[in-house]
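Novice: Sharing a structure with you now.
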Ligand SMILES: Cc1ncc(COP(=O)(O)O)c(C=O)c1O
């Protein structure tokens, strides 16, 4: 490999959410324990981003900044090259992070008391941003059918038909179950939303992280018929590990919708460095991402065969996209609390507990695979010892 995915940078004391949380939860945690929770990467930043930012700082000031031609070209070029979809410059609404975008857009297209439809288990902030706007969440639970998560379309339609439901926040690819939705599935979701006047707020933050053999279908590629009912959220935050830059682009093809969103938005969105980081990522770092995906895919295969060898009874959802492995530990028969305590205290494994993504996530763990292999292997070995000891004591 040309790029470095083996060096582990310390993130202690620099304000990393997950590393700080780990220390807060257990101040005596050894220095070499790496949390595999929150979705950012334990990889060194792509060299073109590091070098580009250094040069920018050498040459330019950090005054008020807006999107440049180079910025639009980089994003539009990426969407065309990587996803085969044409994005028009006037569709852009930049936001400082997708969670902020979701919160804002839900506020624009709903009234307090409205229902927001989500497919659970799902990224937990979907619920939070709906509730922040005084909306209630209406859940359509994904079905686990023959070892694969699927949308329960009968249930989804029924919920979309409800008078209180005004907006759907959709996750494509889906965090945490790892599905990369097919064109047919996406079309059915888009049709049901359109037919029922449910605005489709589509979060494609994980769309650059697609494992070999799968293809992300952008919602914007399904045709103009859906354009008035759609906003698509994208970001290099996950794929290029730029979460701390909080740079996202929401594409809103409908002018009326766009103006409604812009009217209530702060004038400033990204900052001087995040605009640049987006350019250096999309324009100059594609080869890095390809290697990162290959590395993550190898981590996925490693983790799946580890479980197969030591705990064949454990179900693991096929990680078609994202770098988040969704692992079902329900066969151990622990309560949610016992499982969390065992993993944290005995295995020193700080993962994201499945229950945070919804009731159907109880008993599952979400393991972040974007880390050096030895870090993953060490965590799995600690987990194996703790789970084996637990089984022995039963
Ligand atoms: C589906 C999804 N949307 C949004 C985010 C967060 O996006 P941002 O950091 O741009 O707010 C995440 C982070 O894990 C995510 O998984």
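Novice: Based on this model, can you work out whether residue 327 counts as crowded, with 20+ Cβ neighbours inside 10 Å, touching a strand residue (DSSP E or B) at 6+ places or on another chain (Cβ under 9 Å) and assigned by TED's automatic domain parsing to the domain that holds residue 70? Give the derivation first.
Specialist: Numbers: crowded, with 20+ Cβ neighbours inside 10 Å: yes; touching a strand residue (DSSP E or B) at 6+ places or on another chain (Cβ under 9 Å): yes; assigned by TED's automatic domain parsing to the domain that holds residue 70: no.
No.
Novice: Say whether the condition of being touching a residue at least 60 places away in the same chain (Cβ under 8 Å), in a helix (DSSP H, G or I) and crowded, with 22+ Cβ neighbours inside 10 Å is met by at least one residue in segment 315-322.
Specialist: Here is the first cut: in segment 315-322, the residues touching a residue at least 60 places away in the same chain (Cβ under 8 Å) are 315, 317-322.
Now narrow it down to the ones that are in a helix (DSSP H, G or I): none.
No, every residue in segment 315-322 fails to be touching a residue at least 60 places away in the same chain (Cβ under 8 Å), in a helix (DSSP H, G or I) and crowded, with 22+ Cβ neighbours inside 10 Å.
Novice: Hey, another quick one. Modelled with pLDDT under 95 and touching a strand residue (DSSP E or B) at 6+ places or on another chain (Cβ under 9 Å) - does that describe any residue in segment 135-154?
Specialist: yes
Novice: How many residues does segment 161-192 hold that are part of a helix (DSSP H, G or I) and within 27 Å of residue 238 (Cα to Cα)? Outline the logic, then answer.
Specialist: Keep residues of segment 161-192 that are part of a helix (DSSP H, G or I), which gives 183-192.
Restricting the remaining residues to those that are within 27 Å of residue 238 (Cα to Cα) gives 183-190.
So the count comes out to 8.
Novice: Of everything in segment 270-312, what is crowded, with 16+ Cβ neighbours inside 10 Å, out of contact with any helix residue (DSSP H, G or I) (no Cβ under 6 Å at 6 or more places or on another chain) and not in a helix (DSSP H, G or I)? Give them in sequence order.
Specialist: Those that are crowded, with 16+ Cβ neighbours inside 10 Å, out of contact with any helix residue (DSSP H, G or I) (no Cβ under 6 Å at 6 or more places or on another chain) and not in a helix (DSSP H, G or I): 270, 271, 311.
Novice: Take residue 379 and tell me if it is assigned to a helix (DSSP H, G or I) and either over 20 Å from residue 333 (Cα atoms) or not assigned by TED's automatic domain parsing to the domain that holds residue 297 (or both).
Specialist: Values: assigned to a helix (DSSP H, G or I): yes; either over 20 Å from residue 333 (Cα atoms) or not assigned by TED's automatic domain parsing to the domain that holds residue 297 (or both): yes.
Answer is yes for this residue.
Novice: Quick check on segment 228-263: of everything there that is within 23 Å of the chain's Cα centre (by Cα) and in a helix (DSSP H, G or I), which residue is farthest from the ligand (Cβ to nearest atom)?
Specialist: Among those residues, the one meeting the criterion is 229.
Novice: A further question on this structure: Would you check if residue 371 is out of contact with any helix residue (DSSP H, G or I) (no Cβ under 7 Å at 6 or more places or on another chain) and not in a helix (DSSP H, G or I)? Before you say what the answer is, go through the steps one by one.
Specialist: Working: out of contact with any helix residue (DSSP H, G or I) (no Cβ under 7 Å at 6 or more places or on another chain): yes; not in a helix (DSSP H, G or I): yes.
Yes; evaluated as a whole, the condition is true for this residue.
Novice: Of the residues 111, 158, only one is in a loop (DSSP other than H, G, I, E, B) and either modelled with pLDDT under 95 or loosely packed, with under 15 Cβ neighbours inside 10 Å (or both); which?
Specialist: Working: 158 fails: in a loop (DSSP other than H, G, I, E, B).
The conditions single out 111.
Novice: For residue 350, indicate whether it is over 17 Å from residue 299 (Cα atoms) and either buried (at least 18 other Cβ atoms within 10 Å of the Cβ) or in the same structural domain as residue 213 (by TED's automatic domain parsing) (or both). It would help to see each step written out before you state the result.
Specialist: On the way: over 17 Å from residue 299 (Cα atoms): yes; either buried (at least 18 other Cβ atoms within 10 Å of the Cβ) or in the same structural domain as residue 213 (by TED's automatic domain parsing) (or both): yes.
Yes: the conditions hold for residue 350.
Novice: Which one is farthest from the ligand (Cβ to nearest atom) among residues in segment 78-108 that are buried (at least 20 other Cβ atoms within 10 Å of the Cβ) and in a loop (DSSP other than H, G, I, E, B)?
Specialist: 87
Novice: Being within 14 Å of the ligand (Cβ to nearest atom) and part of a loop (DSSP other than H, G, I, E, B) is the filter; apply it to segment 203-220 and report the residue that is farthest from residue 248 (Cα to Cα).
Specialist: If we take residues in segment 203-220 being within 14 Å of the ligand (Cβ to nearest atom) and part of a loop (DSSP other than H, G, I, E, B), then 216 is farthest from residue 248 (Cα to Cα).
Novice: Hey, another quick one. Kindly check whether there is at least one residue in segment 69-77 that is more than 16 Å from the ligand (Cβ to nearest atom), within 26 Å of residue 208 (Cα to Cα) and touching a strand residue (DSSP E or B) at 6+ places or on another chain (Cβ under 8 Å).
Specialist: yes
Novice: When you look at residue 47, is it out of contact with any helix residue (DSSP H, G or I) (no Cβ under 7 Å at 6 or more places or on another chain) and loosely packed, with under 15 Cβ neighbours inside 10 Å, yes or no? Quick ask: steps written out before the conclusion?
Specialist: Values: out of contact with any helix residue (DSSP H, G or I) (no Cβ under 7 Å at 6 or more places or on another chain): yes; loosely packed, with under 15 Cβ neighbours inside 10 Å: no.
When the stated conditions are applied, residue 47 does not pass them.
Novice: If residue 328 passes every condition in (1) within 16 Å of the ligand (Cβ to nearest atom); (2) under 21 Å from the mean Cα position of the chain (by Cα) but one, which one does it miss?
Specialist: The failed condition is (1).
The values are calculated or read from the model by the stated rules, or taken from the named source; none is laboratory data. If you're wondering where the values come from, they're calculated on a predicted model, not measured in any experiment. Glycine gets a Cβ as well: all are built from the backbone with ideal geometry, and neighbour counts include every protein chain shown.
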